[in-house]
1. Pull up the cross-link candidates among the aspartates and glutamates for K189, meaning alpha carbon to alpha carbon under 18 Å and not fewer than 8 places away within one chain.
2. Place a +1 charge on the Cβ of each Lys and Arg in the stretch 60-155 and a -1 charge on the Cβ of each Asp and Glu, then give the dipole magnitude about the Cα centre in debye, rounded to the nearest 20.
3. So which aspartates and glutamates can K33 reach, going by Cα to Cα under 19 Å and dropping same-chain residues fewer than 8 places off?
4. For the stretch 152-279, which whole-number percentage of the solvent-accessible area (1.4 Å probe, protein heavy atoms only) is attributable to carbon and sulfur atoms?
5. Taking amide H atoms as placed 1.01 Å from N in the peptide plane, list the residues 5 or more away in sequence, or in a different chain, whose amide H sits under 5 Å from that of F197.
6. For the stretch 73-125, how big is the tail of P(r) above 15 Å, as a whole percent of Cα pairs?
7. In the chain, if the dipole is taken from +1 on Lys/Arg beta carbons and -1 on Asp/Glu beta carbons about the Cα centre, which of A243, I17, T291 is farthest to the positive end?
8. Would you please state the base-10 log of I(q)/I(0) at q = 0.13, 0.20 1/Å for the stretch 183-323, with intensities from the Debye formula using one equal scatterer on every alpha carbon?
Amino acid sequence: MNNESESRAPMLVGAGIGLSYGLLFRIGSAFPKSPIASSLVVMSWAFLFFVPFAMGFVTSFWMERRRRYRLADWMLAPLLPIIFAGLAAVLVNLEGYICLVFFLPLGIILGVLGGLIGGLTARQLSKLRGQAVFACVMVLPLVVGFGEQGRSQQEVRRVESTIEIEAAPDVVWRNIERVPAIAPKELPKTWTQRIGFPRPIEATLSYEGLGGVRHATFERGVLFIETVDVWEPERKLAFSIHADKIPATALDEHVTIGGKYFDVLHGEYRTEPLDAARVRLHLVSEHRVSTDFNWYAHLWTDAVMRDVQREILQVIRKRCEKK
């Protein structure tokens, strides 16, 4: 039992050091005038990739220098600081649950990788060379962040969802040009709702035809102004989208619609008659992603848009098929 306690102690201390390192960067980045904030931002390679890597490295390096551990321990120990740092950021309102969900898969992978390299470094290198590598890893996020600033790329993504509806085209059209208030019981349970994305409430229309303005309302005061630019009754309805009202408390700042990193640009309903009483309804959206790592960010933005679109399509189908 004593041997087990001796084995656990360096691991817990190492995890505590890794946690403190991660929180230092996250808290420091929240203060615009701090040295950390001047070198890197949260939505960057430097923070999302190299900080969790360094957290894992610190954890395994520290514990391996004090006691010999298994490779599995190098991989498991970094999970503690990565997960607890994410939860702590949510608890103190530095992040929302949406960002935590987006970050954890990437953070865990990089933390485990850092843990493996940290353990190997501590075991294989001499004390002096190991400390030199340790110091380089500790400052790596700041170095990368300094060189990365201003390099974010803009990408426009297109997401399409479809559903088959047992109803005539005119019935489907009436249910897409306007969407009367949606009762909570009409909405299916979705994973985007569970992580805090606002649910749709209604969509009004000022008048029928080109130039008509739809007000698409979501919960927590989120409002989109949608201006009709294609009006083909019973065939196609398309509109440009402007995020008119997004309260600061509605979404995390890093995923705010219309913000620096993400925006919804265009929407389109298109009907595909299958027979006189059956229609395939297409809902297409275009959104902007502007990060240093769009290849990862768009996996999540595409998934969110697809889930929200399916949610809306299911409501429309239930209403069209209601006897």
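The values are calculated or read from the model by the stated rules, or taken from the named source; none is laboratory data. All figures in this text were calculated on a predicted structure; none of them were measured in a lab. FYI the Cβ positions are ideal-geometry reconstructions off the backbone, even for glycines, and counts take in every protein chain you see. We work out accessible area using only protein heavy atoms, side chains counted, and drop any ligands, DNA or RNA first. Shrake-Rupley method; radii C 1.70, N 1.55, O 1.52, S 1.80 Å.
1. Within reach: E202, E219, D307, E311.
2. Computed about the Cα centre, the dipole is about 720 debye.
3. Reachable aspartates and glutamates: E148, E253.
4. 50
5. Amide H to amide H, under 5 Å and 5 or more residues apart or across chains, F197 pairs with nothing.
6. Within the stretch 73-125, distances greater than 15 Å cover 49 percent of Cα pairs.
7. I17
8. -0.61, -1.41
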